[in-house]
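*Asks:* Starting off with a structure, shown below.
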Amino acid sequence: MSVAGEQVERTPAPYATPDDLREALVDGGVIHLTAVDGVHHRSWAWERVLRGVEGHVMGKRVATHATQRWFPPIMPREEFLKTDYVRSFPDLVGSIDVFTGGDKEHRALLEVLEQGGDWTAHLTPAEVVLPSSVCHPLYGTLAQDVPAEGVDEECSGWSFRHEPSLDPARMQIFRIYEFVRIGTPEQSLAHRDDWLQRGLAALTELGLPVRSEAANDPFFGRVGRMLAANQLESALKYEMCVDLTEVRPTAIGSSNYHEDHFGHTFGLHLADGTPAHSACIGFGLDRITLALFAVHGTDLDAWPEEVRSALAL
Amino acid sequence: MTQSVTDTIRGLLAEHARLGVDVSSLSDTDDLYGAGMTSHASVTVMLACEDEWDLEFPQQMLKKSTFASIANIRDALSELGVDGASVASA
């Protein structure tokens, strides 16, 4: 990818630290903090921008026949397990527990609760979990025979990752819009690379000084270190990054080649019987929204006219 | 001895590498990634080697190139003192 690693002059970050950015957003009424780090309430200004970003990104769609789906923020547990996320990122997983007992079990739960004990020990895992990535609920619902021309899908939804932080970019739950293709290795790689360029252009139109960087996911533990090194060395993942603070770049989207990982685990196969490959590009809707407020300020009326126009504000 | 370590590696690859071709059609130096082994599959191969020879690959070996060919895997095992993995002992 020619854009990765190029030495270009960087636009200075608008804020020195994530703390400065968070304080500006709170002072500007753009977000409201809660008792838990990484969980904040969004204002209507935030939501207007986010919906504008989603519309802007959707406007770049090329495969106009692709099905579009908006997922709820929960997904079937069995399908989640097939993604292997528990194997690769156990520290980020969010599983949902529910109460299934009767009066007797309820009394026992309340007793523990009143004593300040662990009442959740009286719950049982539900048939649903929180999706860790937006395309995860997709694969289990697709026809397993992948046609020669490949399959294009678009999906939008919530993604949960348990990594509490005061950095406003590190939200525990956030929305992503994804363009997914399942097909041959060539079809998947072309999707990833074409969309990376298209994605960078789409974000540049919003006045964001974005660049691409080869990246790796935060795989867990010893095996994870090898997966991360492989991912980086094989250039499977590119992030679309922008400097919002001087501390670290913020990824506001990513372009990923999964090889046959999901084809293998979900039984999606090509005509010759081999597992299908796949690729996705994810636009981090909440992260892009954050970046827009960081770069253009907390007063929507003062944003550049071309940006307001692109977001239909 | 070298032959048996190589055979065992080939057996582990047949079981875990999810190659697009028959392992027997590959030479010891053929690129396993080129033959269809994915990143996730290479990790499974790595863990299978650790189980087979009761060892742990040190962090500096946990990279793509270590598992790129049968010869590379054999070299890594040799470095970790696996009997019969050294080419010199062939």
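The values are calculated or read from the model by the stated rules, or taken from the named source; none is laboratory data. Here the structure is a predicted model, which means the values were calculated and not measured. Heads up, the Cβs are rebuilt from the backbone with ideal geometry, glycines too, and the neighbour counts pull from every protein chain shown. Heads up: the accessible areas ignore ligands, DNA and RNA and are worked out on the full protein's heavy atoms, side chains in. Shrake-Rupley method; radii C 1.70, N 1.55, O 1.52, S 1.80 Å.
*Asks:* Tell me, what HN-Hα J-couplings in whole Hz come from the Karplus equation 6.51 cos²θ - 1.76 cosθ + 1.60 at θ = phi - 60° for each residue of segment A:42-54, using x for Gly and Pro?
*Replies:* 9, 7, 5, 4, 4, 5, 4, 5, 4, 5, x, 5, 4
*Asks:* Something else now. Determine the shape class of segment A:125-195: with a ≥ b ≥ c the square roots of the Cα gyration tensor eigenvalues, call it rounded for a/c under 1.5, and otherwise prolate if a/b is greater than b/c, oblate otherwise.
*Replies:* Numbers: a/c = 3.39, a/b = 1.65, b/c = 2.05.
Oblate shape, in that a/c is at least 1.5 and b/c is the bigger or equal ratio.
*Asks:* Give the long-range amide H neighbours of A:THR17: residues separated by 5 or more places, or on another chain, with amide H under 5 Å away, using H modelled in the peptide plane at 1.01 Å from N.
*Replies:* It is A:GLU246, by chain and number.
*Asks:* Explain nothing, just compute: Karplus ³J(HN,Hα) = 6.51 cos²θ - 1.76 cosθ + 1.60, θ = phi - 60°, for every residue of segment A:268-278 in order, whole Hz, x for Gly and Pro.
*Replies:* Per-residue couplings from phi come out as 8, 9, 7, 4, 7, x, 7, x, 6, 9, 8 Hz.
*Asks:* I need the semi-axes of the equivalent ellipsoid of chain B: take the C-alpha gyration tensor, multiply each eigenvalue by 5, square-root it, list largest first in whole angstrom.
*Replies:* Details: eigenvalues 67, 46, 25 Å².
Values for chain B, descending: 18, 15, 11 Å.
*Asks:* I'd like the FRET efficiency for A:GLU186 and B:GLU56, computed as 1/(1 + (r/R0)^6) with the beta carbon distance as r and R0 of 41 Å, rounded to 0.05.
*Replies:* 0.65
*Asks:* With just the Cα atoms defining each centre, how far is segment B:4-45 from segment A:131-152? Give it in Å.
*Replies:* After rounding, the separation between the Cα centres reads 27 Å.
*Asks:* Using the Karplus curve 6.51 cos²θ - 1.76 cosθ + 1.60 with θ = phi - 60°, work out ³J(HN,Hα) for each residue of segment A:110-115 in order, rounded to whole Hz, and write x for Gly and Pro.
*Replies:* 5, 4, 5, 4, 5, 7
*Asks:* How high is the FRET efficiency between B:ASP22 and A:PHE99 when r is their beta carbon distance and R₀ equals 41 Å, given to the nearest 0.05?
*Replies:* Computed FRET efficiency for B:ASP22 and A:PHE99 comes out at 0.15.
*Asks:* Express in Å², to the nearest 10, the accessible area of A:ARG61 obtained by rolling a 1.4 Å probe over the protein heavy atoms while all chains stay in place.
*Replies:* 60 Å²
*Asks:* Please report, in whole Å³, the volume per residue of the convex hull around the C-alpha atoms of segment A:189-244.
*Replies:* It is 82 Å³ per residue.
*Asks:* Related question: If I model segment A:1-97 as equal point scatterers sitting on the Cα atoms and use the Debye formula, what is log10 I(q)/I(0) at q = 0.18 Å⁻¹?
*Replies:* For segment A:1-97, the Cα-only Debye profile gives -1.24.
*Asks:* Am I reading the B/A interface right? What is its buried accessible area, both sides, 1.4 Å probe, to the nearest 100 Å²? Present the calculation step by step, with values, prior to reporting the outcome.
*Replies:* Working: alone 5000 and 15140 Å², together 18580 Å².
Result for this pair: about 1600 Å² buried.
*Asks:* Using only the Cα atoms of segment A:27-167, what do you get for the radius of gyration and for Dmax, in Å?
*Replies:* When restricted to the Cα atoms of segment A:27-167, Rg and Dmax are 19.7, 61 Å.
*Asks:* For segment A:165-313, which semi-axes, largest first and in whole Å, follow from the square roots of 5 times the eigenvalues of its Cα gyration tensor?
*Replies:* Values for segment A:165-313, descending: 31, 19, 12 Å.
*Asks:* Between A:THR120 and A:GLU9, what FRET efficiency follows from the Cβ-Cβ distance if R0 is 35 Å, with the result rounded to 0.05?
*Replies:* It comes out at approximately 0.10.
*Asks:* Please report how far the C-alpha centroid of segment A:44-103 lies from that of segment A:243-266, rounded to the nearest whole angstrom.
*Replies:* 15 Å
*Asks:* How long are the three semi-axes of the equivalent ellipsoid of chain A, in whole Å, if each is the root of 5 times an eigenvalue of the C-alpha gyration tensor, listed from largest down?
*Replies:* Rounded to whole Å, the semi-axes are 31, 29, 18.
*Asks:* Label segment A:61-124 by shape, choosing from rounded, prolate and oblate, from the square roots a ≥ b ≥ c of the eigenvalues of the Cα gyration tensor; if a/c is under 1.5 it is rounded, and otherwise prolate applies when a/b is larger than b/c, oblate when it is not.
*Replies:* prolate
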